[in-house]
Every structure is written in structure tokens, then in C-alpha cells.
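Structure record follows, encoded as C-alpha cells.
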Amino acid sequence: MLFKSMSLIMKRKLGWIAAGAVMAMSIVPTGTVHAAQFPEKPVRIVVPFTAGGFTDILARRLAEQMSGTLGQPVIVENKAGASGIIGGNYVAKAPADGYTILLETPDTVVTGPMLMEGVQYKPSDLRQLSLLVQQPLVLVVSGKSQYKSLDDVMKAAKANPGALTYASWGNGSSAQIASSILTKSAGVNMTHVPYKGVANALTDLLGERVDMLYVGMLSTVDYLNDGRLRPIAINRSERAPMLPQVPTLAEAGFAIYPIGLWYAMGVPADTPTDVVNKLSEAARKAVEAPEIKKWLTGMGMDVPALDPAATEAFMKSEIENWGPAIRSSGASGN
């Protein structure tokens with residue numbers, strides 16, 4: 001009888017052990033299985049600006065490369081408005097499964113959350129995949145403009161307070177902040193004209209409906225090459241190799257803030273690490289593809305292609321840099 005009871009107890013214990021082993025087998029490999037299977041459907045890159053600008057073009061070229069690496073279509077979707085905040089809101093609230101990526105700029109991750117109303121996320125609500133591209137801001141006027149230099153613009157602005165205009169791709173954008181810093185330091189009053197995206201701002205600048213625009217160099221290369229735009233200053237400490245004839249702000253007697261344009265990719269903060277690493281690898285591989293890297297570096301751009309940890313550190317430093325710039329500019333997101 002005792003032997004039979006002991007046998008029954010042992011059977012129960014073995015049953016519990018077996019059940020525990022089955023549970024462990026079902027739980028432990030979950031992340032590994034997810035990483036191995038991801039992605040199982042198309043991935044979206046959300047561009048928070050209108051189609052036709054450089055951000056959109058970059059996203060589409062990277063998407064094509066990433067599709068090959070991931071083995072699934074990578075689709076670009078434009079969600080423009082509020083200097084990138086609409087797209088940022090959308091991605092920050094999306095499922096944290098790796099299928100929705102935000103193509104980030106300073107406006108969506110740094111300046112927007114500092115300045116704009118209606119921002120439903122913090123920078124920490126996005127987990128970084130990679131810092132992909134960096135470029136300086138260049139100040140341009142129409143190739144048909146009467147203004148041949150930054151000094152010409154500032155003299156005209158002083159003589160006609162509020163009459164001259166500068167464009168940006170939205171309230172609270174890096175273009176507005178950089179322009180506000182410049183006009184404030186020059187002691188001039190120019191009128192800000194915000195647009196819904198770089199492409200729209202460039203269209204009106206080319207048509208001389210606005211006087212000047214701070215913009216990333218990549219958005220202007222074709223226009224600069226054919227003379228439709230005239231560069232009058234660049235926001236960096238040294239002249240750009242691609243625009244050696246264009247003076248820096250320092251040469252013109254203005255302070256240079258450590259701000260520029262960059263493009264990165266991020267996903268919702270709770271996205272699993274294995275998925276983040278897989279997407280990061282695909283993004284970095286895409287931007288470092290020979291044809292893409294040649295295209296970017298040929299226009300004087302830097303291609304850092306940082307890993308997630310280095311990109312997180314970069315974002316932290318950007319927040320520290322842009323804060324004083326925003327306070328100095330007096331710019332408003334409203």
C-alpha cells in the first residue's frame with residue numbers, strides 16, 4: 001500500500017515536471033522565434049512630411065533596399081502636418097511590433113516635442129534604430145532674386161521692417177528656429193511664412209513669393225546646380241566641400257549654433273530588442289549600400305549609420321543642443 005502511494009506521488013511529480021518543461025519550452029524561445037520569423041508581413045516607413053521632398057525620396061530609396069534584406073515589402077506612407085508631429089504621434093501610438101517605423105528628423109524627435117501643441121509623445125516614447133544621414137543647413141534665395149548675399153538680405157530687412165519673408169516647412173521646425181536665431185542676432189524683423197513641407201516652401205521660393213529659406217543641402221542640390229536657387233550662407237564652422245563658394249555664417253559675422261539636419265529611424269518604445277536589432281541592421285545596410293552611400297556622400301552628406309545605442313546617445317545630445325537654440329530664437333510652435 002505504501003509502495004503504491006509512493007508510486008502515485010512520483011507519477012504526479014513527474015507529471016508536474018513534464019508540464020513545467022512543456023511550459024518552459026513554450027515560453028523561453030518566444031523572443032527567438034519572433035526574431036526568426038519577423039517580418040511576416042509588409043513593414044511601413046512613415047514619412048512625416050509631404051511627398052516630393054528629400055525626406056520622402058530618402059525613405060523610398062532606403063525602403064527598396066530594406067525590402068531585399070527583410071524579405072518583405074517595405075512601404076512608404078506620408079503623414080504630413082504640424083512640422084512632422086502628426087506622423088510622430090501616429091508612430092508613437094502604433095503597436096510596438098516593428099511593423100511601423102518613423103523616419104525621424106529634429107522636428108519630430110527634438111524641436112517638435114519642445115515647441116508644438118498637440119504633441120502626444122515624448123522623445124522617450126520612440127526607440128532608436130539608427131542615425132542614418134547628417135547634413136548642414138544652407139540659406140538660399142531664388143536664383144532670380146535681387147539679393148546676392150546674406151548682407152544684401154539683412155540690409156533690405158533693416159530698411160523695410162517686416163516686409164521681407166523667410167519660409168520654413170512649418171511652425172516650430174528647425175528651419176524656423178535657425179531663421180529666428182539669424183534675424184534676432186542681426187536685429188532685423190522678417191515675416192515667417194510656414195509651409196506644409198519642404199517641397200511646398202521650395203516651390204514658393206522658386207516663384208519669389210517668399211524671400212529666403214533655410215533648408216537641408218540635399219533638398220536643393222538640383223536647384224543649386226542649375227541656378228534656380230542661390231546659396232548665400234551655410235550653418236557650419238567651415239565651408240562645405242560641395243559648396244566651396246558659399247560663406248559660413250561665421251564669416252558673415254553671425255554665431256553658429258550646433259544644429260543641423262539629420263535623418264534617423266525609430267519605432268515605438270516597447271518594440272522587442274530582437275526586432276529593433278533586425279530593423280537597425282536592415283536600415284544601416286540600406287544606407288551603406290554602395291549606390292545609396294555614393295549618392296549621399298556625393299552631395300557632401302555624412303552617413304554615420306549608427307547602431308541603436310549610439311543613436312540613443314546622439315538623441316540625448318541633440319536635445320541638449322537644441323534647447324538653448326530654441327530659447328535664443330524665441331521661436332514658437334503656434
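The values are calculated or read from the model by the stated rules, or taken from the named source; none is laboratory data. Every value quoted in this text rests on a predicted model; they were computed, and no experiment measured them. Quick reminder, even Gly has a Cβ in these numbers, built from the backbone with ideal geometry, and neighbours come from all protein chains shown.
Consider region 48-74 and keep the residues that are more than 19 Å from residue 271 (Cβ to Cβ) and hydrophobic (A, V, I, L, M, F, W, C). The one that is surrounded by the most Cβ atoms within 10 Å (Cβ to Cβ) is 49. Taken residue by residue, region 224-232 has at least one member that is over 23 Å from residue 330 (Cβ atoms), among the charged types (D, E, K, R), buried (at least 19 other Cβ atoms within 10 Å of the Cβ) and at pLDDT 90 or above. Based on what the data block shows, is residue 184 more than 29 Å from residue 129 (Cα to Cα), of a type in the set (Lys, Arg), out of contact with any strand residue (DSSP E or B) (no Cβ under 7 Å at 6 or more places or on another chain) and surrounded by fewer than 23 Cβ atoms within 10 Å (Cβ to Cβ)? Against the criterion (more than 29 Å from residue 129 (Cα to Cα), of a type in the set (Lys, Arg), out of contact with any strand residue (DSSP E or B) (no Cβ under 7 Å at 6 or more places or on another chain) and surrounded by fewer than 23 Cβ atoms within 10 Å (Cβ to Cβ)), residue 184 qualifies. Criterion applied to 84, 88, 52, 68 was being outside the structural domain of residue 204 (by TED's automatic domain parsing), not β-branched (Val, Ile, Thr) and not in a helix (DSSP H, G or I), and the one residue passing it is 52. The residues listed here are 153, 140, 198; of these, the one that is at pLDDT below 95, buried (at least 24 other Cβ atoms within 10 Å of the Cβ) and among the hydrophobic types (A, V, I, L, M, F, W, C) is 198.
From the list 296, 306, which one is touching a residue at least 60 places away in the same chain (Cβ under 8 Å) and not in a loop (DSSP other than H, G, I, E, B)?
Exactly one residue qualifies, and that residue is 296.
For (1) in contact with a His (Cβ under 9 Å, 6 or more places away or on another chain); (2) assigned by TED's automatic domain parsing to the domain that holds residue 84; (3) outside any helix (DSSP H, G or I); (4) closer than 19 Å to residue 208 by Cβ, each residue gets a yes or a no:
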residue	(1), (2), (3), (4)
141	no, no, yes, yes
153	no, no, no, yes
157	no, no, no, yes
163	no, no, yes, yes
167	yes, no, yes, yes
170	no, no, yes, no
177	no, no, no, no
182	no, no, no, no
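Against the definition (over 27 Å from residue 331 (Cα atoms) and not acidic (Asp, Glu)), how does residue 147 come out, yes or no? No, not satisfied.
Restricting to region 218-239, give me the number of residues that are part of a loop (DSSP other than H, G, I, E, B) and out of contact with any helix residue (DSSP H, G or I) (no Cβ under 9 Å at 6 or more places or on another chain). Please lay out each step first, then the result.
Residues of region 218-239 that are part of a loop (DSSP other than H, G, I, E, B), as a first pass: 220, 226-228, 235-239.
If we keep only those that are out of contact with any helix residue (DSSP H, G or I) (no Cβ under 9 Å at 6 or more places or on another chain) as well, we get 226-227, 236-239.
Of the residues in that region, 6 qualify.
Annotation: residue 184 fulfils all but one of (1) of a type outside the set (Asp, Glu); (2) more than 23 Å from residue 82 (Cβ to Cβ); (3) without any contact (Cβ under 8 Å) to a residue 40 or more places away in the chain; the unmet one is (3).
Look at region 252-272: where a residue is over 15 Å from residue 306 (Cβ atoms) and a partner is of a type in the set (Ser, Thr, Tyr) and buried (at least 21 other Cβ atoms within 10 Å of the Cβ), sitting 6+ places away or on another chain with Cβ atoms under 8 Å, you get 259/174; 261/105; 261/174.
Given the criteria under 14 Å from the mean Cα position of the chain (by Cα), touching a residue at least 24 places away in the same chain (Cβ under 8 Å) and surrounded by fewer than 24 Cβ atoms within 10 Å (Cβ to Cβ), does residue 123 qualify?
Yes, satisfied.
Checked against the criterion of being within 30 Å of residue 125 (Cα to Cα), at pLDDT 85 or above and either assigned to a strand (DSSP E or B) or not aliphatic (A, V, I, L, M) (or both), the candidates 215, 193, 275 yield just one match: 215.
If we scan region 172-187, do we find a residue that is at pLDDT 95 or above and farther than 14 Å from residue 331 by Cβ? No, every residue in region 172-187 fails to be at pLDDT 95 or above and farther than 14 Å from residue 331 by Cβ. Examine region 244-266 for a residue that is crowded, with 17+ Cβ neighbours inside 10 Å, assigned to a helix (DSSP H, G or I), among the small types (Gly, Ala, Ser) and at pLDDT 95 or above, and state whether such a residue exists. No, the conditions are met nowhere in region 244-266.
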